[in-house]
1. With the condition kept exactly as written, say whether any residue in the stretch 4-13 is at pLDDT 75 or above and among the basic types (Lys, Arg).
2. Within the stretch 173-191, track down each residue that is touching a Leu at 6+ places or on another chain (Cβ under 8 Å) and either surrounded by 14 or more Cβ atoms within 10 Å (Cβ to Cβ) or not aliphatic (A, V, I, L, M) (or both).
3. Tell me, please, whether a residue that is of a type outside the set (A, V, I, L, M, F, W, C), at pLDDT below 80, surrounded by 14 or more Cβ atoms within 10 Å (Cβ to Cβ) and in a helix (DSSP H, G or I) can be found in the stretch 71-94.
4. Limited to the stretch 133-146, what total is found for residues that are within 12 Å of Ala96 (Cα to Cα) and either hydrophobic (A, V, I, L, M, F, W, C) or in contact with a Pro (Cβ under 8 Å, 6 or more places away or on another chain) (or both)?
5. So which residues in the stretch 103-152 are in a helix (DSSP H, G or I) and hydroxyl-bearing (Ser, Thr, Tyr)?
6. Tally time: how many residues in the stretch 98-120 are loosely packed, with under 15 Cβ neighbours inside 10 Å, of a type outside the set (Gly, Ala, Ser) and either touching a Leu at 6+ places or on another chain (Cβ under 7 Å) or at pLDDT below 85 (or both)?
7. Please verify whether Ala156 is part of a loop (DSSP other than H, G, I, E, B), free of Cβ contacts under 8 Å to residues at least 24 places away in the same chain and among the aliphatic types (A, V, I, L, M), treating the condition exactly as stated.
8. Can you go through Asp292, Asp205, Asp250, Asp288 and tell me which one is touching a Ser or Thr at 6+ places or on another chain (Cβ under 8 Å), more than 23 Å from Arg130 (Cβ to Cβ), at pLDDT below 90 and not assigned by TED's automatic domain parsing to the domain that holds Val91?
Amino acid sequence: MSPAKRVRQAITPELVRRIHQYLHDDSVAPGTHITAQELAAKFSASRWTVSKAFERLAEQGILTHQKDAGYRVAQLVALPPVDTVASASAVYFRMAEERLNGDLPEQVTEVYLRKRYQLTQANLNALLHRVANEGWIQRRAGYGWAFTATLDTPEALEQIYRLRLAIEPAALLEPNFHMSAEDIRRLRRMNEEILTGHAQTLPPDALYERGVAFHEAIAQASGNPFILDALRRINSLRRLLIYRSMGRRDRFHGQAQGHLQILNLIENGDLVAAAAALKTHLQGAILDAHADVAALSKT
């Protein structure tokens with residue numbers, strides 16, 4: 001079996017879990033058609049790998065498949081069971097924390113990582129594939145892996161948020177902006193669930209993806225693909241510090257309340273007020289970002 005094929009097989013269980021979680025969080029209705037191309041972009045995976053994940057979900061009865069008709073959601077999706085995926089996620093977050101703390105060298109070998117985290121080669125392949133797709137490690141020319149620069153200074157984070165302040169409120173003022181009633185209901189439910197307990201119970205990656213889903217939904221509704229592309233790149237860069245900040249879960253109540261206010265304004269058609277509210281919301285996030293970096297410097 002080729003190394004590339006081993007990596008593809010190794011990452012499928014993690015991708016199955018993430019797609020399963022996505023279908024649940026978005027309350028995707030039975031009968032909804034889903035495509036590998038759409039989810040490949042969302043999860044930074046190849047269409048081949050997403051197709052393999054769809055096959056697993058079909059085996060579990062979550063999806064149905066018909067020749068020449070593709071995959072559809074078969075039933076209301078329950079949360080995936082807790083199993084060995086939990087331990088894989090624990091290794092992922094440990095690696096992220098040690099990267100932020102400076103406990104990992106800038107360049108590493110697979111042998112080093114496998115011994116440090118007590119992983120099988122298949123599990124290490126899955127871990128490296130996920131981290132590489134998120135942009136904080138890359139394969140070196142020749143041998144080993146190198147961690148990329150992370151956003152761990154107040155200056156870098158403020159630059160990122162200034163860019164967000166420039167493009168996200170502007171998305172609401174694009175001439176073709178339109179957010180469907182279905183998307184508004186979906187985003188409202190996700191944020192109401194955070195206020196009623198999910199801020200304390202969801203794992204960090206799921207919380208992060210809910211926040212990302214809100215902001216990227218606004219960018220997508222703008223009808224301007226360049227705004228969406230820029231925001232997706234930004235969200236990838238700031239992922240590690242967001243995970244670190246999730247120790248302060250109380251902040252997610254305020255963020256969810258801000259999201260709900262913005263959704264109400266969008267639903268009422270007051271896009272100018274929604275843009276102003278989003279600007280205020282992001283300005284508050286800058287203060288949180290500075291606190292994250294201050295906490296990082298003390299560890």
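The values are calculated or read from the model by the stated rules, or taken from the named source; none is laboratory data. Bear in mind that the values here come from a model prediction, so they are computed numbers and not experimental data. Positions of Cβ are backbone-derived with ideal geometry, glycine not excepted, and every protein chain shown enters the neighbour counts.
1. From the stretch 4-13, those at pLDDT 75 or above are none; that's our starting set.
Within the stretch 4-13 (the criterion being at pLDDT 75 or above and among the basic types (Lys, Arg)), the answer is no, since none of the residues qualifies.
2. If we filter the stretch 173-191 for residues that are touching a Leu at 6+ places or on another chain (Cβ under 8 Å), which is where we start, we get 173, 177, 184, 187-188, 191.
Listed by number, the residues that qualify are Phe177, Ile184, Leu187, Arg188, Asn191.
3. Scanning the stretch 71-94 turns up at least one residue that is of a type outside the set (A, V, I, L, M, F, W, C), at pLDDT below 80, surrounded by 14 or more Cβ atoms within 10 Å (Cβ to Cβ) and in a helix (DSSP H, G or I).
4. Matching residues across the stretch 133-146 total 2.
5. Within the stretch 103-152, Tyr112, Tyr117 meet the criteria.
6. Within the stretch 98-120, the first condition is being loosely packed, with under 15 Cβ neighbours inside 10 Å, and the residues that meet it are 98, 101-103, 105-107, 109, 111-112, 115, 118, 120.
From what is left, the residues that are of a type outside the set (Gly, Ala, Ser) are 98, 101, 103, 105-107, 109, 111-112, 115, 118, 120.
Right, trim to either touching a Leu at 6+ places or on another chain (Cβ under 7 Å) or at pLDDT below 85 (or both) and you get 98, 101, 120.
Counting residues in the stretch 98-120 that are loosely packed, with under 15 Cβ neighbours inside 10 Å, of a type outside the set (Gly, Ala, Ser) and either touching a Leu at 6+ places or on another chain (Cβ under 7 Å) or at pLDDT below 85 (or both) gives 3.
7. Taking the combined requirement at face value, the residue does not satisfy it.
8. Within the list Asp292, Asp205, Asp250, Asp288, the selection yields Asp288.
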